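Single-structure report; data block below.
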Amino acid sequence: METRPTKNILPKAEQKKLIEEASQLFRKAFLPDVDVDKIMITGGAAEGRLGEYDVPLGEKYGNRMVSDIDGVAIVEDGYKPNSEWKLVAKRDFWEVYRIGEVAEKYPVECLILRRSSIVKKKVVERGEFYGIPMTSDTKNKFIVIYERGPKRQ
């Protein structure tokens, strides 16, 4: 893992406000949509580690000075991401999109994970390694902001 600059963690009240704003953004971006099964906030936001860095993170991270807010959306295989979102990363089993920002400077990104992929051992192991909650006994912290109920027959 690479070394990042020192991060000054925001007070809990500020983090809570940012998480609430990001939750609203996720809901607005993804709902209503019958192909969306679950939306979670993960990473530093779920762990209480949102903050601002002493120096820019570097080109790989757009030279930003703040934490991003990460989310995961589990979707049906036919789901089509919004064409206005910026594709940040694409892997064999998932894509990450920048869907907006909150408080005018905190990027909000969402990893889109297809339903058929979450049963594959390789995907589950890789996801858990990268901090994505993939199993019921995950060690990765997350905040569920939406979960679809059972499908109607």
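Quick one: count up the residues across region 27-59 that are in contact (Cβ under 8 Å) with a residue 24 or more places away in the chain, assigned to a helix (DSSP H, G or I) and within 25 Å of Lys7 (Cα to Cα).
The number of residues fulfilling the criteria is 5.
Can you spot a residue in region 87-98 that is assigned to a loop (DSSP other than H, G, I, E, B), in contact with a helix residue (DSSP H, G or I) (Cβ under 7 Å, 6 or more places away or on another chain) and not charged (D, E, K, R)?
Checked region 87-98: at least one residue is assigned to a loop (DSSP other than H, G, I, E, B), in contact with a helix residue (DSSP H, G or I) (Cβ under 7 Å, 6 or more places away or on another chain) and not charged (D, E, K, R).
Please determine, by comparing only the residues of region 60-81 that are of a type in the set (Ser, Thr, Tyr) and in contact (Cβ under 8 Å) with a residue 40 or more places away in the chain, which one is surrounded by the most Cβ atoms within 10 Å (Cβ to Cβ). Talk me through it step by step, then tell me what you get.
Of region 60-81, the ones of a type in the set (Ser, Thr, Tyr) are 61, 67, 79.
Filter once more, so that each one left must be in contact (Cβ under 8 Å) with a residue 40 or more places away in the chain: 67, 79.
Numbers: Ser67: 22, Tyr79: 18.
Here the answer is Ser67.
For region 44-62, does any single residue satisfy the condition of being acidic (Asp, Glu), modelled with pLDDT of 95 or more, closer than 22 Å to Thr135 by Cβ and touching a strand residue (DSSP E or B) at 6+ places or on another chain (Cβ under 6 Å)?
So far as region 44-62 goes, no, none of its residues is acidic (Asp, Glu), modelled with pLDDT of 95 or more, closer than 22 Å to Thr135 by Cβ and touching a strand residue (DSSP E or B) at 6+ places or on another chain (Cβ under 6 Å).
Can you name every residue in region 92-127 that is among the acidic types (Asp, Glu) and under 12 Å from Val72 (Cβ atoms)?
Glu95, Glu109
Looking at Tyr97, Tyr61, can you tell me which residue is among the aromatic types (Phe, Trp, Tyr), out of contact with any Lys or Arg (no Cβ under 8 Å at 6 or more places or on another chain) and more than 23 Å from Lys16 (Cβ to Cβ)? Steps first, please.
Details: Tyr97 fails: out of contact with any Lys or Arg (no Cβ under 8 Å at 6 or more places or on another chain).
Just one listed residue meets the conditions, Tyr61.
Is it the case that Glu14 is more than 20 Å from Tyr130 (Cα to Cα), assigned to a helix (DSSP H, G or I), over 17 Å from the mean Cα position of the chain (by Cα) and charged (D, E, K, R)?
Judged against the criteria, Glu14 is a match.
Residues in region 65-72: is at least one of a type in the set (A, V, I, L, M), more than 23 Å from Arg148 (Cβ to Cβ) and out of contact with any strand residue (DSSP E or B) (no Cβ under 6 Å at 6 or more places or on another chain)?
Looking through region 65-72, none of the residues is of a type in the set (A, V, I, L, M), more than 23 Å from Arg148 (Cβ to Cβ) and out of contact with any strand residue (DSSP E or B) (no Cβ under 6 Å at 6 or more places or on another chain).
Taking only region 102-142 into account, find how many residues are within 16 Å of Phe30 (Cβ to Cβ) and of a type in the set (D, E, K, R).
Going through region 102-142 one residue at a time, the tally reaches 3.
How many residues are on the phi > 0 side of the Ramachandran plot and surrounded by 18 or more Cβ atoms within 10 Å (Cβ to Cβ) when one looks only at region 94-153?
The total comes to 2.
The values are calculated or read from the model by the stated rules, or taken from the named source; none is laboratory data. Since the model is a prediction, treat every value here as computed from it, not as a measurement. In this analysis, Cβ positions are derived from the backbone assuming ideal geometry, glycine residues included, and neighbour counts consider all displayed protein chains.
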